[in-house]
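Beneath this line is the structure, given in structure tokens, with notes to follow.
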Amino acid sequence: MRALRLVALPAALVLVWWAVGGSTFYLPGPVEVGRAFAATWFSERLLDDVLPSLGRLLAGYAVAGLLGVGLGVPIGLSRRLRATLEPVLEFFRAVPPPVLVPLIMLLAGIDTPMKVLVIVSGCVWPVLLNTVEGVRALDEVLSDTCRMYGVRGVSRLRRFVLRGASPQIMTGLRQALSIGIILMVISEMFASSSGLGFTILLFQRQFQIAEMWSGILLLGLLGLGLSLLFRRLERWVLAWYHGSGAARA
Amino acid sequence: GGTEPGTRAAGTDKVNAGVIAIVDTAPIHLGKAKGFFTEQGIDLTITPVQGGAASISGAVGGQFQFAFANTTSLLTARQQGLDVKVVANGVSSTGQQGKDFSAVLVEPGSPIRSPKDLAGRKISVNQLKNIGDTTVRASVRKAGGDPGGIEFVELPFPDAPAALKSGQVDAIWVVEPFVSQAISQGARPVAWNFADAAPDLTVAMYFTTSRTDPDLTRRFTAAMRRSLEYADGHPDEVREILKTYTKISPEVIAKIYLPKWPVEVNKASVQTIADLARADGVLKDRIDVSTLVP
Amino acid sequence: MLEIRELNKVYRGSGRLVEAIGSVTFDVAAGELVCVVGPSGCGKTTLLRCVAGLLPAGGGEVRVAGEPVTGPPPRMAVVFQEYGRSLFPWMTVRQNVELPLKEKRLPRARRAELVAGSLAAVGLSDAADAHPWQLSGGMQQRVAIARAVAYEPEVLLMDEPFAAVDAQTRADLEDLILRLWRDLEVTALFVTHDIDEAVYLGQRVIVLSSSPTGVMADIKIDLPRDRDQLATRSLPLFGELRGQVYRWIQQARGAR
Amino acid sequence: MLEIRELNKVYRGSGRLVEAIGSVTFDVAAGELVCVVGPSGCGKTTLLRCVAGLLPAGGGEVRVAGEPVTGPPPRMAVVFQEYGRSLFPWMTVRQNVELPLKEKRLPRARRAELVAGSLAAVGLSDAADAHPWQLSGGMQQRVAIARAVAYEPEVLLMDEPFAAVDAQTRADLEDLILRLWRDLEVTALFVTHDIDEAVYLGQRVIVLSSSPTGVMADIKIDLPRDRDQLATRSLPLFGELRGQVYRWIQQARGAR
Amino acid sequence: MRRDPLYGLAGLAGLLALVEAVPRLGLVDERFLPPATRILGTLAAELGTARLWIALAETLRGWALGLALAFCAAVVAGVVIGTVPGLRALTGSTVEFLRPIPSVALVPLATLLFGASLGSTLLLVVYASFWQVLIQVLYGVAAVDPVAHETARAYGLSAWSRIRHLVWPTALPYVMTGLRLAAAVAFILAVTAELVIGSPGLGAEIQVAQSSGAVPTVYALIVVAGAVGIAVNAAVRLLERRVLAWHPAVRSEVAA
Ligand SMILES: Nc1ncnc2c1ncn2[C@@H]1O[C@H](COP(=O)(O)OP(=O)(O)OP(=O)(O)O)[C@@H](O)[C@H]1O
Ligand SMILES: Nc1ncnc2c1ncn2[C@@H]1O[C@H](COP(=O)(O)OP(=O)(O)OP(=O)(O)O)[C@@H](O)[C@H]1O
Ligand SMILES: [Mg+2]
Ligand SMILES: [Mg+2]
């Protein structure tokens, strides 16, 4: 039943695709893309292109998560810090990553650190913003309780701030996951000669459209897989929240 | 909304051309300014695009009636069965060592002294599997080196000099204005790859698709030929027009090497590129250039 | 131990301006248990939060153990009126009670002992591993009390801590507080709506008037120190004091 | 009006399995006011939530006006024990009270009248434009009561609705509920911890035992229909009934 | 509150000082990162040209339209998916599949469908920012307080009322964050679309400046983009302060 619900809509969408696909050069049908998928990705490409990309993605995501939460907590807690840093952060947030890349290259070179940094530069925002808002919205009575019972410093952070803001932090982390995949592709637009994103772009430039779509398909599947893993994590971290009925997800 | 581009309105055809805003495409801008297109009953809009792939998909998608793309991109498109047809020459190499608009540069202190030394090095090109790596390999091969071990990385031209300077790559392939800029800042050219690849190499061309009205194509070709001819003969006006559609600083404009703009496509050089690309594995099959360039 | 001098507090915000406390002055000696009664909305919670250092006083001064209060003083425990919101939903009952003890750096064994003891005292030994949202209202309130009790505070502030429990449990908890107060010599400020409770527990009962809030009456409860639910409540003096407090409260409301 | 037949409810989740209600059976006739008392955590709130159709019964059946309950029945008002959380913080007091009336599609003038009337009845006319979080605990609880009163329900479920207000206000509110009940012929189920209150308000008092929860006693309150805080409470019968309920509750706790 | 902009200016001044110092101290080659004064000088010159303003207006048009479309669609979709039972499970996999597909990869499709018109930009902008809002709405909808939810059910609030008066206000803080996220993403995509597809606008200007090797101009244009980001954020914050005045996060800011 659960599996059925999981595939019902995708199946319907594939049917629609079947109906409209193949009519133009840029939108091949599902069969063609499926064939290209098998031919393209069930090969050494998986090792050469997909795995390194995935590694960078995870590294960038982890750094972004730590950075977003690490910055978000103090910014959320201190109004003055928030007022000071917000314009600067908003400034960088509004700069398109492709434009930011040259600057990042100046600082981090053109190899893996640069690509990881590009991923970080995009992923960090949803985590940061959600952390800030989550921390700002912490329950006052709980905060007072902490103050009364001398729950301070690291303990307060660990046992109150992070846990209390965790529903919103998880929202940010979930957002960041798919943004990370997008940024992985963008980062491979620069100084690359391999990688999943690069391969898709190369297919696009070389007008191998079915192959390109198969790459996009792989991106989607990747996102789906990672989000299923993420849901596991979330269920565990937010068990109290779902249990208390506050999230009838 | 608005008037559909490509339809004849009040005696003139509205035409949208997808063209990269670089030195190479000065003739079309100059020709537009000179009124060569209006003369042919063409109301020309020039849309800046990012690169060959964008202009080709734009043209195939029907957004542009005419567009500008480099030789390798067009060959690739052709091989994938896309309906593209060359209508005019775009830009050609000067063919002169030391005076071309495209070069491979190294840091002043680099041990790389000749194209042969590039073998086994890390070289940046703006796009992999395109004209850059094909011609750089040709340079190395011509100098007696083995291009097999070269590691190419993709770097947009503007970012290449910084990467060279910080030692991220051993050499960079760039075109004007970055050639002059980098040289003036100390970089040293080691290879003139366009000049090496083929005599009077046709680097890029204007093209259309079969859906464009043949009469319009004829008139566009005529206007384009006139523009190319004019540009080739009036380098000072070219340097002036560059100030309008690019943001290259005037000092640099005064210094850059201009390419050649012959009216005719050098089919032999295109065939050479096609064969080289095939040898390098960029193209899968042998392509008969005459199906692309009539 | 507690000195409250001409305390004043005005809430401002979104167009509403409320003088929650006009001017309140009273002392609580060390080891004394003082009950505060007053009409709903008269400022009892506000008073408690000022004493706890959770709310800056608008005017006047609050001192705890001679020190002016600027933030929560150490070794002070509070049971909030919003008991439900004062428990951490992501912790079990045991963890909630244990948290302040961890902060006090008590050894593990001592913590376990205190937690078990206080949970047993409020009748929640069975529920130690439940989460607060799995408990009934009264049970939640008892967890909050257990937390305060386990903390072994010097000063204990309680804001209607027995509002959600049944009469019998309430009597048990009253005795628990009395025992705690006697054994640990806690100084306690106890807000309640129940006049009987105030008289039964307090050594003094302070009656607050409604807006502008001031101390309406400060009644000494001359009952014997050792109290008993049946014996004490049936003393004639108890009934008399009860009536006295009742009349003051009537007057306090009338002042509205 | 309300028929509760062998109602059973077990909470499961995160390893804890609690039988909140063993088996409860009783009826409430139309226009009757029944009070429910029982030890803390015995399942009163759970019972009310099942009757309100907010919680599916585990076993047995609940009927309201003859219909089996599957969701909240129409024209039913509930005052929740967690009064603070049941008010919408983004609305003012007035808007909170008015919202259900809008849902009933009452004309604007009638709504304004009902809101003003009920807020005045709970003594909160001044606070109509405040937000819930600007109010004291007791005031919040009174808003929740005002909302139920203004709704003019046929069935009224109240879960310790006076827990957070002072004695005098509580007496006033008790009389408000009695008035409402008489004037509108409301059927009411009233959970309380205060035995006096149960006897004073109810026509019957149902005593629940603690786990496994069942009906321990169903006591008919034979006091005259018209009640008065002073007169009724001083009747000898009142004292007798009070004692009777008290003994049952003792027994209910003992059953634990 | 009024001092906030001052702090913000201080923060920006710090950034400027850093950008001025890094190239001046030779940490980074001046050719690749010009000092702040040079960038600002170039910016001042650019601001004097009509061309920049036209480009900016062009970009902002695509941005505003795309953002509005994406926001409305996502809010509607999010609320529907979040409140209709079962829909979330049904759509979950598809949403998670579509979300990580980069807009950039859709360029061929976009140009095919719409050419270099506004339509292409819109497709990319809407596609990218839609998911940001959607996810936030979904989490926001899930954050409804259970007691508040039960209150709404008990008082017979219709589905629409529940969405309007309960679900929407609860989700609003999440939605506001979503709006801020989406606003930036939409702007980034508007610029990127111009960069890649070549429709006129700020992105096209940046592209031309880059391919001309005009480094200070590139940075000047980046500053324009960043300034837009700051302005948009300030606007959303202002909006937030109005619509979320009741929210603890905003409330505490006012009180402090
Ligand atoms: N959501 C829940 N999950 C698990 N157990 C619950 C839940 N809600 C209540 N319980 C358990 O059910 C039992 C009855 O709870 P209920 O809230 O009905 O008691 P109550 O009679 O209202 O108590 P009180 O007078 O303290 O409010 C308690 O043991 C409680 O722990
Ligand atoms: N955060 C706040 N903002 C504005 N006004 C407030 C705030 N908190 C309390 N008030 C107001 O201050 C007054 C006193 O509130 P307080 O909570 O201290 O009363 P209380 O004596 O504890 O009442 P209760 O017995 O009902 O709990 C009330 O009129 C209330 O409306
Ligand atoms: Mg209070
Ligand atoms: Mg209860």
Next on the checklist: Given the criterion under 22 Å from residue C:186 (Cα atoms), modelled with pLDDT under 90, within 14 Å of ligand 2 (Cβ to nearest atom) and surrounded by fewer than 23 Cβ atoms within 10 Å (Cβ to Cβ), identify the matching residue among C:54, C:17.
Outcome noted: C:54
Checklist outcome for this item: Residues of the range B:235-294 being part of a helix (DSSP H, G or I) and touching a strand residue (DSSP E or B) at 6+ places or on another chain (Cβ under 6 Å), in sequence order, are B:269, B:270
Next on the checklist: Go through (1) within 7 Å of another protein chain (Cβ to nearest Cβ); (2) in contact with a helix residue (DSSP H, G or I) (Cβ under 6 Å, 6 or more places away or on another chain) for residue A:214 and report which single condition fails.
Outcome noted: (1)
Checklist outcome for this item: Of (1) surrounded by fewer than 21 Cβ atoms within 10 Å (Cβ to Cβ); (2) over 20 Å from residue E:170 (Cα atoms); (3) within 8 Å of chain C (Cβ to nearest Cβ), residue A:157 fails just (3)
Checklist entry - Does the range D:143-165 hold any residues that are assigned to a helix (DSSP H, G or I) and more than 12 Å from residue D:96 (Cα to Cα), and which are they? => result D:149
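Every residue in the range E:87-100 that is surrounded by fewer than 23 Cβ atoms within 10 Å (Cβ to Cβ) and either in contact with a Gly (Cβ under 7 Å, 6 or more places away or on another chain) or at pLDDT 90 or above (or both), please.
Residues satisfying the conditions are E:88, E:97, E:98.
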Checklist outcome for this item: Note on residue D:243: of the conditions (1) surrounded by fewer than 17 Cβ atoms within 10 Å (Cβ to Cβ); (2) under 24 Å from residue D:5 (Cβ atoms), unmet is (2)
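Would you check if residue C:24 is more than 8 Å from every other protein chain (Cβ to nearest Cβ), at pLDDT 90 or above and under 16 Å from the mean Cα position of the chain (by Cα)? Steps first, answer last, please.
Numbers: more than 8 Å from every other protein chain (Cβ to nearest Cβ): yes; at pLDDT 90 or above: yes; under 16 Å from the mean Cα position of the chain (by Cα): no.
In short, no.
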Checklist outcome for this item: Scanning the range E:189-231 residue by residue, the ones that are out of contact with any Pro (no Cβ under 9 Å at 6 or more places or on another chain), β-branched (Val, Ile, Thr) and modelled with pLDDT under 85 total 1
Checklist entry - Any chance the range E:172-180 includes a residue that's within 10 Å of chain A (Cβ to nearest Cβ), surrounded by fewer than 24 Cβ atoms within 10 Å (Cβ to Cβ) and among the hydrophobic types (A, V, I, L, M, F, W, C)? => result yes
Checklist entry - What is the number of the single condition among (1) within 21 Å of the chain's Cα centre (by Cα); (2) surrounded by 15 or more Cβ atoms within 10 Å (Cβ to Cβ) that residue A:66 does not meet? => result (2)
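Please find, within the range C:72-84, the residue that is surrounded by the fewest Cβ atoms within 10 Å (Cβ to Cβ) out of those that are more than 19 Å from residue C:21 (Cα to Cα) and more than 16 Å from ligand 4 (Cβ to nearest atom).
Here the answer is C:74.
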Checklist entry - Any idea which of (1) over 22 Å from residue D:250 (Cβ atoms); (2) of a type in the set (Asp, Glu); (3) more than 16 Å from ligand 1 (Cβ to nearest atom) is the one residue C:160 doesn't satisfy? => result (3)
Checklist outcome for this item: For the range D:106-143, the count of residues that are more than 13 Å from chain C (Cβ to nearest Cβ) and either within 16 Å of ligand 2 (Cβ to nearest atom) or free of Cβ contacts under 8 Å to residues at least 24 places away in the same chain (or both) equals 11
Checklist entry - Quick check, is residue A:209 within 28 Å of residue A:102 (Cα to Cα) and of a type in the set (Val, Ile, Thr)? => result no
Next on the checklist: Condition (residue is more than 19 Å from the chain's Cα centre (by Cα) and more than 9 Å from every other protein chain (Cβ to nearest Cβ)) applied to the range C:68-81: is it met by at least one residue?
Outcome noted: yes
Checklist entry - Of the residues C:217, C:171, C:231, which single one is in the same structural domain as residue C:54 (by TED's automatic domain parsing), surrounded by fewer than 24 Cβ atoms within 10 Å (Cβ to Cβ), within 26 Å of residue C:20 (Cβ to Cβ) and without any contact (Cβ under 8 Å) to a residue 60 or more places away in the chain? => result C:217
Next on the checklist: Which numbered condition in (1) free of Cβ contacts under 8 Å to residues at least 40 places away in the same chain; (2) surrounded by fewer than 17 Cβ atoms within 10 Å (Cβ to Cβ); (3) β-branched (Val, Ile, Thr) is the only one that residue A:112 fails?
Outcome noted: (1)
Checklist entry - When only residues in the range C:146-167 that are away from ligand 3 (no atom under 16 Å from the Cβ) and under 19 Å from residue C:37 (Cβ atoms) count, which is farthest from the other protein chains (Cβ to nearest Cβ)? => result C:156
Next on the checklist: I'm checking my understanding of the structure. Among residues of the range E:64-86 that are at the interface with chain A (Cβ under 10 Å from one of its Cβ atoms) and surrounded by fewer than 19 Cβ atoms within 10 Å (Cβ to Cβ), which one is modelled with the highest pLDDT?
Outcome noted: E:83
Next on the checklist: Just checking, does the range D:70-82 include any residue being modelled with pLDDT under 90 and within 16 Å of ligand 2 (Cβ to nearest atom)?
Outcome noted: yes
Checklist entry - Where in the range D:1-114 are the strands (runs of 3 or more DSSP E), entirely inside, with at least 2 residues that are among the polar types (S, T, N, Q) and outside the structural domain of residue D:143 (by TED's automatic domain parsing)? => result D:16-28
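This table checks each residue for (1) surrounded by fewer than 21 Cβ atoms within 10 Å (Cβ to Cβ); (2) within 11 Å of another protein chain (Cβ to nearest Cβ); (3) of a type outside the set (A, V, I, L, M).
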| residue | (1), (2), (3) |
| --- | --- |
| B:109 | yes, no, yes |
| B:128 | yes, yes, no |
| B:144 | yes, no, yes |
| B:155 | no, yes, no |
| B:162 | no, yes, no |
| B:167 | yes, yes, yes |
Checklist entry - Can you tell me how many residues in the range C:142-173 are within 18 Å of residue C:98 (Cβ to Cβ) and not aromatic (Phe, Trp, Tyr)? => result 11
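The values are calculated or read from the model by the stated rules, or taken from the named source; none is laboratory data. From a predicted model like this one, the values you see are computed outputs, not experimental measurements. Ideal geometry is used to build each Cβ from the backbone, glycine not excepted, and the neighbour counts take in all protein chains shown.
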